[in-house]
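The values are calculated or read from the model by the stated rules, or taken from the named source; none is laboratory data. Being a predicted model, the structure only gives us computed values, none of them experimental. Don't worry about glycine lacking a Cβ; one is built from the backbone with ideal geometry, like all the others, and counts go over all protein chains shown. All accessible areas refer to the heavy atoms of the entire protein, side chains included, with ligands and DNA or RNA removed. Shrake-Rupley method; radii C 1.70, N 1.55, O 1.52, S 1.80 Å.
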Amino acid sequence: MTLQLYLHFPFCKSKCLYCDFCSAPGSRADMERYAAALRREIRLAGRKFPDAEVSTVYLGGGTPSILPVDLMDSVLDTLRSVFSLQSGAEFTSEANPGTLTPEWLERVQRYGVNRLSMGVQAVQDELLRSLGRVHTFRQVEEAFQMAREMGIPRLSADLMFALPGQTLSDFRESLARTAALGAGHLSAYSLIVEDGTPLAQKAASGAVRIPDEDEAADFYQLGLQEMSRLGYCQYEISNFARPGEKCRHNVGYWQGAYYLGLGVSAHSMLPASEEEKSAGAAYVRTANVSRTEDYCRMMEEQGSAMETCQPISRKEAMFEAMMLGLRMNQGVSGTDFQRRFGFSIREIYEAPLNQAVRNGLGQWTADGGYRLTAKGLLLENAVAVELMEC
């Protein structure tokens, strides 16, 4: 079985004002305990999937690059001793500028990391401060230079738009200056104000103004134009790559690859057992507990931190395949859909998808697949909602 691996590292220097991810500052003792729990989960997962061939690995967070070198070494040594990586496997680690060191990069590269995804967000230091980011753009430049000097072959950057106080000119500058650093891949996400975050409280009090949907659409349209001008091809709603630089791990998510999430709050999509299949499940989704303290305690006491295990019916699986696949510019392959589910896309979704064609939002492809137009990508959620009743 081919499998993608995701490992979650919940630690960071400080919590950004907009962040609702499972992340928080941690002490050395916290990190030691967590690394031990994660190593145990890796070993137990290896026993459950002894024949798995790993096509991609993704270290996410939080900030993986904040984990001390010796602890990251111990985790990756366990990972490589337990799982077999395919030749040419993509091995990504997230990192934040200001936390990278040559020692850390050398160590993760030794274990196969060949792609670095850095949280840049903006190039204007005043915007970074307004988000609660702890780095400057000068540190971004230093981090990219360090990664290149250490021989990391593929570099990616995350940017944000529709920020409080951000102008279109600011966003254009962020795209241009980040591209100039040599990033082969850029992700650009609109700010989402999550309930319970400090930013949500600031917005509610009127201390900051969040751009509305129309303004966010202006940022997005500018991003499409500038990315193309800078040599990036859009392949998913928020992701852009130069030739050969697509993130294979994320493409796997959108195209229905099996993946195993390890660590606190990590999610998985795994094959159903024979018993689950006989009950109508296409595959199973699981999730670990979302508090680091609970994760460590449960791994220590019972060897599992799973909180939910949900069999996904064939109907739900078909909808997920459409919802996720339509995020990509190439859309959903009719051949792959037929192979996975035994039905054609037209048999299940012809009426709402034809309506989307009439509205200029989508188009059928030669193999009976379906993709959204440029206009449709802007309204992907609205198109997906219409498929739910089929």
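Using the Stokes-Einstein relation with a Kirkwood hydrodynamic radius computed over Cα pairs, the translational diffusion coefficient of the stretch 223-363 at 10 °C and a viscosity of 1.306 mPa s comes to 90 µm²/s.
Counted over all Cα-Cα pairs of the stretch 68-166, pairs farther apart than 15 Å make up 64 percent. Counting Lys and Arg as +1 and Asp and Glu as -1 over every other residue whose Cβ lies under 13 Å from the Cβ of Gln355, the net charge comes to -2.
The lysines whose alpha-carbon is closer than 23 Å to the alpha-carbon of Lys246, local same-chain residues fewer than 8 away aside, are Lys375.
Give me the compactness ratio for the stretch 127-223, meaning the Cα radius of gyration over 2.2 N^0.38 Å. Cα-based Rg divided by the globular estimate yields 1.19. The Stokes-Einstein estimate for the stretch 326-390, based on a Kirkwood radius over Cα pairs and taken at 10 °C with 1.306 mPa s viscosity, is a diffusion coefficient of 137 µm²/s. The convex hull of the Cα atoms of the chain, projected and averaged over all directions, covers 19.5 nm². Here the sum of -39500 (n - 2.57) over DSSP H runs of 4 or more residues, divided by the residues of the chain, equals -13500 deg cm²/dmol at 222 nm, to the nearest 500.
Using the Cα coordinates of the stretch 138-179, the gyration tensor eigenvalues translate into equivalent-ellipsoid semi-axes of 25, 9, 8 Å, sorted from longest to shortest. Rg and Dmax of the stretch 203-255, both derived from C-alpha coordinates alone, stand at 15.2, 45 Å. Computed with a 1.4 Å probe over protein heavy atoms only, the accessible area of Cys390 comes to about 50 Å².
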